[in-house]
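Only the coordinates and a few stated rules stand behind these numbers; no lab work does. Bear in mind that the values here come from a model prediction, so they are computed numbers and not experimental data. Positions of Cβ are generated from backbone atoms using ideal geometry, with glycine treated the same way; all protein chains shown enter the neighbour counts.
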Amino acid sequence: INGNNLEEILIKTKRIPMEKILEWAIDLCDVLHYLHGYQPEPIIFRDMKPANIMVDSLGKVRLVDFGIAKIFVSGVKQTTIGTEGYSAPEQYKGNANPLSDIYSLGATLHHVITRKDPRLEPPFSFAERKLMDFNEEATPELTTVLDKALSFEPDKRYQSCAEMKEAFLALRYRPTISVTSVQANGGSAELKPRKTSRELTSAPLDGVVQPIWTFKTEDEIRSSPASSDQLAFVGSYDTNLWAVDLNNGEFIWKRPSDAGIACAPGVDMSHSQVIIGSEDYTVRAIGMRDGRIHWTHITGNKVRSSPTVAHGYVFFGSDDGKLYALNADNGRYQWEYDAGAAIRSKPCITNDRVIFGTEGGEIIGLELNGTRKWAMRPKKAVTSSPFVDLEGICYVGSFDGFIYAIDADSGFSHWRLRTNGPVISSPTVHRNLVYVGSADGKVYCVNTQTGKERWTMQTEKPIVASPVVHNGVVYIGGTDNIFYAIDAMSGKELWRFNAKGAITSGAHIADDLVLFGSLDHNLYALPVVQN
């Protein structure tokens, strides 16, 4: 697994956003729930701790080191195995059971949130180290959840990981957080309490939908928004990167550049910053909370390639023809690759590849150190951003009208599908289907194995925006000013929303909202379809 264990991350970072901690907590509950329900016999992990949790290049957690995991047989004592500080009281007596893993998960999360190592503290003394005394993002509700998980008596804990997951879900989707509002010049910060979060809302299935909120910038929004920690971020051709409250669309801060912004922001949660490129030739790392500049890097031409943050680095292209890799922490230059033509494609980063397209008509695969591994040459420019699925297949479109499926490791072509117009839209994959728009005005759904169409949906004008799939629904905007919600399996239109300008921005899912920008200057937040 390409990544770091959680213990290493605690050493290397000063802060981990609470949103990311809750995401990991939910995922770990899912893993333990799977182990505890394993057939024919449940499995107890018995050694949950930060060192046994890997965070991969995509920010996802993986449970590792199953060396002392054991089949659970009720009433049968085991040897006393585990790690002092994280192990449940009954585990010291050889009575480990699924509820012991719940205790250990609580201990692990307590360590991550407070950064107080339980191995260095008196046994079973978590209650003496209140979360809110060590982490300003902690809430009384989160304290209640962990206190229950860390109960000395097993019957007072959550009785399953599924139950514990529900508690974390309630925290994650009903947050109340305070942030700072920063003046546009980035100087002094003014504390501004955030409103409490809205109730979860679902888009109706009767074809009519209304925005939860809209936010108007000062010029066209050409690229996709991003979100993190209850903030939405979007670049505008008014030269600004904007941060708004995800709950209500209220202005939080803006950071100006010296030219228009035509690429999407990249979120770097490890350093609590947003990375954005501008046509002023510069890439900036900006603090999520205060809008202050952490570092800058100047290239040789306009930056229209959206940055990707992975492996502790920021990868992006420039119209100067180079693909750059910078240290995400401080912006220090690592390497560059000269592709010989402008790069406007967002790089796709895997565990061992950097894949991107060029305006000169190449799809290039590099090793993580910048060494060229392979190249493929469609007939025309590749502005579309590659997507690599779990099988290691890369999907990307080209101005030549084709959608390509390529082996991410070798560059070998598996198949290609011809559309009737340039493919500027970036593909996305859901299950065994790839979705993408084309300038012929169609949304395509294609079988990843065969390269054959499952369905298409015709719109009135070219589609250059990129789709996103969520809960079985495809969301995508068109230059006909319409934002569509489409059933992912059948291609049936569920609803449409009319903006006041063309939509070239890709869609972005944030909790129960789908966000997108428009050339009408607005950032829209619509409710997702709840299946």
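Among V112, A96, I9, flag the residue with its Cα farthest along the positive direction of the charge dipole of the stretch 3-173, charges on Cβ as +1 for Lys/Arg and -1 for Asp/Glu.
Projecting each Cα onto the dipole axis, the largest value belongs to I9.
Mind checking which aspartates and glutamates have their C-alpha under 12 Å from K500, skipping anything on the same chain fewer than 8 residues away?
Answer for K500, where 12 Å is the Cα cut-off: E220, D480, D520, listed by chain and number.
Suppose only helical runs count, i.e. DSSP H with n ≥ 4. What mean residue ellipticity at 222 nm does that imply for the chain under -39500 (n - 2.57) per run, divided by all residues and rounded to the nearest 500 deg cm²/dmol?
Value at 222 nm, helices only: -4000 deg cm²/dmol.
For the stretch 341-485, give the magnitude of the charge dipole about the Cα centre (Cβ charges: +1 Lys/Arg, -1 Asp/Glu; no others), in debye to the nearest 20.
So the magnitude is around 200 debye.
Whole-Hz ³J(HN,Hα) for each residue in the stretch 284-298, computed from phi via Karplus 6.51 cos²θ - 1.76 cosθ + 1.60 with θ = phi - 60°, x for glycine and proline: what do you get?
Result, ordered by residue: 10, 9, 10, x, 4, 7, 10, x, 7, 7, 8, 6, 9, 9, 9 Hz.
List every residue whose amide H lies under 5 Å from the amide H of W374, counting only residues 5 or more places away in sequence or on a different chain, with H placed 1.01 Å from N in the peptide plane.
G365
Quick one: compute a quarter of the convex hull surface over the Cα atoms of the stretch 3-173 and quote it in nm².
Mean shadow area of the hull around the Cα atoms is 9.4 nm².
Out of (1) 24.2; (2) 25.9; (3) 42.5, which label holds the value of mean projected area of the Cα convex hull in nm² that was computed here?
(1)
If you find the alpha carbon centre of the stretch 363-437 and of the stretch 461-531, how far apart are they in angstrom?
So the two Cα centres are separated by 22 Å.
Give the residue from V429, P42, V55 lying farthest towards the positive end of the charge dipole for the chain; charges sit on Cβ (+1 for Lys and Arg, -1 for Asp and Glu) and the dipole is referred to the Cα centre.
The Cα lying farthest towards the positive end belongs to V429.
Would you mind checking the pairs K60/K452; K380/K452; K93/K156; K20/K322 and listing those with alpha carbons more than 20 angstrom apart?
Beyond 20 Å between Cα atoms: K60/K452; K380/K452; K20/K322.
Short version: ³J(HN,Hα) in whole Hz for each residue of the stretch 243-258, in order, from phi by Karplus 6.51 cos²θ - 1.76 cosθ + 1.60 (θ = phi - 60°), x for Gly and Pro, what are they?
The phi angles translate into 10, 10, 5, 5, 6, 9, x, 6, 4, 10, 7, 9, 10, x, 10, 10 Hz.
Just to confirm the number: angle between the C-alpha axis of helix 161-173 and the first principal axis of the chain, 0 to 90 degrees, nearest 10?
That works out to roughly 50 degrees.
Dipole magnitude of the stretch 3-173 about its Cα centre, charges +1 at Lys/Arg Cβ and -1 at Asp/Glu Cβ only, in debye to the nearest 20?
The dipole magnitude comes to about 240 debye.
Along the charge dipole of the stretch 202-310, pointing to its positive end and built from +1/-1 on Cβ of Lys, Arg, Asp and Glu, which listed residue (G300, Y281, W253) has its Cα farthest out?
G300
Mind ranking 279-288, 224-233 by how tightly packed they are, going by the mean number of other C-beta atoms within 10 angstrom, highest first?
224-233, 279-288
About the Cα centre of the chain, what is the dipole size in debye to 20, counting +1 per Lys and Arg Cβ and -1 per Asp and Glu Cβ, all else neutral?
The dipole of the chain has a size of about 360 debye.
Considering amide H positions built from the backbone, and no H for Pro or chain starts, which residues 5 or more places from S257, or on another chain, come under 5 Å of its amide H?
It is N240, L241, by chain and number.
Along the stretch 308-313, what does the Karplus equation 6.51 cos²θ - 1.76 cosθ + 1.60 (θ = phi - 60°) give for ³J(HN,Hα), rounded to whole Hz, x for Gly and Pro?
My calculation for the stretch 308-313 gives 10, 9, 7, 6, x, 10 Hz in order.
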